[in-house]
Structure formats: structure tokens, C-alpha cells
Amino acid sequence: MKILKIEHLGLACRSSEKAASFYSDALGLPVVSRETLPDMKLKVVKVEAGESVLELLEPMEGEPVISKFLASRGEGVHHVCFEVEDVRAATQELKGKGYSPLWEEPKRGAGGKWVNFLRPRETFGVLLELNEPAP
Ligand code: CO
């Protein structure tokens, strides 16, 4: 697989709007998108820092993943996302190398991008997201 860059950092927060206000008011970073992902029960606000993005993740009622992270670890860095040329191919390559991506096939995440994840137990403690540029 070819990793192109660190595309974003995913930050777990209790209120994506309050967090976004901090990044925009205190640090002067532009908010570039606000999305609600009903399937994943997440609110996602993206803030741009130069060519990098911070993804502010707020769980909605009944969301299982970020909620659990917030309960056990509190607010903070949740995942690192690498941009790859082809997430489907990267998923197959990792499976071939004996790793266990979260999903058998990539799913659509924020911004409609295809994504998959590698769990922290296989990556020395960091949840890694792989995504590819939107077509
Ligand atoms: Co992400």
C-alpha cells in the first residue's frame, strides 16, 4: 500500500461545537465542515490547520465507540488517519499480512470517504484509520 500522508487526527470530545469554538476562537483555525453521520451516530466537525485536519468527534445517544472511549479515557486523541491510494487494496494487503482490519470491506465515513481501521492491539496502542481521497 502507499501511504500519502497523515490526513487527520480524530479527537474525541463531549461537545464538538464547544471544541470547535476553542479551535476557531482561541487558535484561529477555520471550521471547514459539520456533518452528522446517522449510521455511526456521530457528529463530526472538521477544523483545518494548514494542510492537516482535526476531526472533532461527538457521540450521539446510543453511539458505542466514542462514548466508551470518553467514559474510560476522557476527551483527547482517539485515532490517527493515514491517507492511502486505495483503502480496499490496503485492507486486503493487511489481511494478507495477518492483520485484522476492523471491517472485512471499507465503509463510508466522514465526507463520504471510504475508511477502515486497525485496532490499537495490532498497532502498538494507536487506533489507525485508513482513508482515501474522495473521488
Ligand atoms: Co477519522
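When the stretch 98-116 is limited to residues that are of a type outside the set (Phe, Trp, Tyr) and outside any loop (DSSP other than H, G, I, E, B), the one that is surrounded by the fewest Cβ atoms within 10 Å (Cβ to Cβ) turns out to be Gly112. Candidates are the residues of the stretch 76-97 that are loosely packed, with under 15 Cβ neighbours inside 10 Å and of a type in the set (Asp, Glu); the one that is modelled with the highest pLDDT is Glu93.
On inspection, Leu94 fails the criterion of being under 19 Å from Lys68 (Cβ atoms) and not charged (D, E, K, R). Among the residues of the stretch 117-131 satisfying the criterion of being of a type in the set (D, E, K, R) and within 16 Å of Met1 (Cβ to Cβ), which is surrounded by the most Cβ atoms within 10 Å (Cβ to Cβ)? Taking the candidates together, the pick is Glu129. Just the residues that are farther than 20 Å from Val126 by Cβ and of a type in the set (A, V, I, L, M, F, W, C), please, taken from the stretch 41-77. Scanning the stretch 41-77 gives Val45, Val47, Met60. Checking each residue in the stretch 120-132 for being in a loop (DSSP other than H, G, I, E, B) and more than 14 Å from the ligand (Cβ to nearest atom) picks out Thr123, Phe124, Gly125.
Within the option set Phe117, Phe22, Phe82, being more than 12 Å from the ligand (Cβ to nearest atom) and among the aromatic types (Phe, Trp, Tyr) holds for one residue only, Phe22.
Contact map, the stretch 74-103: residues that are more than 24 Å from Val53 (Cα to Cα) paired with residues that are more than 16 Å from the ligand (Cβ to nearest atom) and at pLDDT 95 or above, Cβ distance under 7 Å, separation 6+ or inter-chain. Pairs shown: Tyr99/Glu122; Ser100/Glu122.
For Phe69, are the conditions met, namely being surrounded by 17 or more Cβ atoms within 10 Å (Cβ to Cβ), in a helix (DSSP H, G or I), of a type outside the set (Ser, Thr, Tyr) and modelled with pLDDT of 95 or more? When the stated conditions are applied, Phe69 passes them.
The values are calculated or read from the model by the stated rules, or taken from the named source; none is laboratory data. From a predicted model like this one, the values you see are computed outputs, not experimental measurements. In this analysis, Cβ positions are derived from the backbone assuming ideal geometry, glycine residues included, and neighbour counts consider all displayed protein chains.
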